[in-house]
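First up is the structure itself, then whatever we jot down about it.
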Amino acid sequence: MTEASVAYNPFEPGFAEDPYPQYEAMRAHQPVHESPFGIWLLFRHDDVLRFLRDPSLSVEDANAKPTILDKFADEVMGDERDRETGTRAMINRDPPDHTRLRKLVSKAFTPRRTEGLRPRVQELVDASLDQAAAAGGMELMSDYAFPLPFAVISEMLGMPPTDSDKLRDWSGTLVRTLEPVVDPALMHAILEASKNMRGLITDVIAWKRNNLSDDLLSAMLAAEENGDVLSDEELLEQVMLLYIAGHETTVNLIGNGMLALLRNPGQLERLRSDPPLDGGAVEELLRYDSPVQMTRRITLTEVEIGGKTIPDGVFVVCGVASSNRDEAHWGPTADTVDITRPNAKEHLSFGGGAHYCLGAALARLEGQVAIGSLVRRFSTIEPTADPEWNGRLNLRGLEKLPLSVAP
Ligand code: HEM
């Protein structure tokens, strides 16, 4: 195959179900790829790692020159286009703002505080498993994978009880901004979801000011009031980021991870009989089918990589899921699930450098408890229908996987 005959096409039917053959072709023939939309993509492990760790790159969209997709969004949305939402969240800020915002929130995510959540995570998991046992089955995503991280991040933040169906709907729509959007109806839906979610979180913050407690939102409010270090808008955007990042990702670790085990019964059996493997298994499942397929950096100057020159002001997609299957790094078993793989932790599913996932320890904890407990609670776990995928390119995961279970 020549370079010209390979094209990255995430809109090809079947891509959302299985993007890995395309990633493999891109790694082999065009590992540094300029897409027709004007964004560039990296597919190899070493290139992705280098970009993630390079402090001379930006994450602020304003530093990228407008692409065809931007111009299209301008045409569709006109004055209604929302260029502000999200721009103050730490994941979209460079230093010094990034350093300041991350420091403030990091205190809640120390390994000690995270480990302290283990009993509560186990309790939530056991309650869901009791229900599945009584019913003889469950729909993996809506009954198990989604409620756990949603409850954990809501409790950590100290959210009052809210309409979780609505919130799930809004946040599910909002995360579509993490991939190319070419559907005008979806653009309007995203704007609507963003307004609704901002409204709700604004109300929650107002309520919390009068109901301070021992939770993350109270701690952030206290930081704001003591040192005037977080503006109202900054606070709102960190809460939205934590809320969305806290559950839209871990849900896919549990869903994709369980599917990988069900498709590899020998590995599932191994995990079932050997609980100390839980930690390594979660690293391997994160590697094998990454819950977040890509992250991004923006060039501020020309950058030479893989024999190509990426111009300045370019949005560069770092293909972490592709890098996790790169034979040049992982060897000939890159496409195989092996829960005892000694270097599984070298996956790039949590990104890298200054923006390395702040919730990684929490996600690992939730994944270990959810997956380990499920495989050990039931001796039989069987899909009763084919998996349904959520159709997303980035936060790619299952929409539905009905299971029957027996003790
Ligand atoms: C399996 C689950 C998760 C995955 C795969 C994941 C993945 C990622 C990735 C790829 C990034 C971007 C890193 C980069 O660009 O270098 C990120 C950033 C982030 N994640 Fe996660 N995440 C997960 C769970 C969580 C959880 C549970 C939380 C919080 C409760 C969280 C909070 C964050 C935050 C705040 C950032 C921004 C960090 C920064 O910009 O400094 N994530 N995550």
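Odds and ends about this structure:
- Selected residue [out of contact with any strand residue (DSSP E or B) (no Cβ under 8 Å at 6 or more places or on another chain), surrounded by 18 or more Cβ atoms within 10 Å (Cβ to Cβ) and not in a loop (DSSP other than H, G, I, E, B)] from GLY280, GLY255, GLY266: GLY280
- If you go through the stretch 230-261 and keep only what is touching an Asp or Glu at 6+ places or on another chain (Cβ under 8 Å) and farther than 30 Å from LEU217 by Cβ, you end up with LEU259, ALA260.
- Here is the figure for the stretch 27-64: residues that are under 27 Å from ALA354 (Cα atoms) and not in a loop (DSSP other than H, G, I, E, B) total 20.
- Every pair of residues 6+ apart whose Cβ atoms lie under 6 Å, when the first sits in the stretch 174-203 and is in contact (Cβ under 8 Å) with a residue 24 or more places away in the chain while the second is small (Gly, Ala, Ser): LEU174/ALA193; LEU174/SER194
- Here MET138 fulfils each of the conditions (1) surrounded by 18 or more Cβ atoms within 10 Å (Cβ to Cβ); (2) farther than 28 Å from GLN368 by Cβ; (3) over 22 Å from the mean Cα position of the chain (by Cα) apart from (2).
Residues checked against (1) in contact with a helix residue (DSSP H, G or I) (Cβ under 7 Å, 6 or more places away or on another chain); (2) part of a helix (DSSP H, G or I):
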position: ASP94; (1), (2): no, no
position: LEU104; (1), (2): yes, yes
position: VAL125; (1), (2): yes, yes
position: MET138; (1), (2): yes, no
position: VAL152; (1), (2): yes, yes
position: ASP165; (1), (2): no, yes
position: PRO180; (1), (2): yes, no
position: LEU191; (1), (2): yes, yes
position: SER194; (1), (2): yes, yes
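- Taken over the stretch 323-349, the criterion of being without any contact (Cβ under 8 Å) to a residue 40 or more places away in the chain and touching a helix residue (DSSP H, G or I) at 6+ places or on another chain (Cβ under 6 Å) is satisfied by ALA334 alone.
- Residue within the stretch 70-88 that is at pLDDT 95 or above, at negative phi and in a helix (DSSP H, G or I) present: no
- Residues located in the stretch 183-209, provided they are basic (Lys, Arg), within 25 Å of MET77 (Cα to Cα) and surrounded by fewer than 17 Cβ atoms within 10 Å (Cβ to Cβ): LYS195
The values are calculated or read from the model by the stated rules, or taken from the named source; none is laboratory data. The structure presented is a predicted model; accordingly, all values stated were derived computationally and were not measured. In this analysis, Cβ positions are derived from the backbone assuming ideal geometry, glycine residues included, and neighbour counts consider all displayed protein chains.
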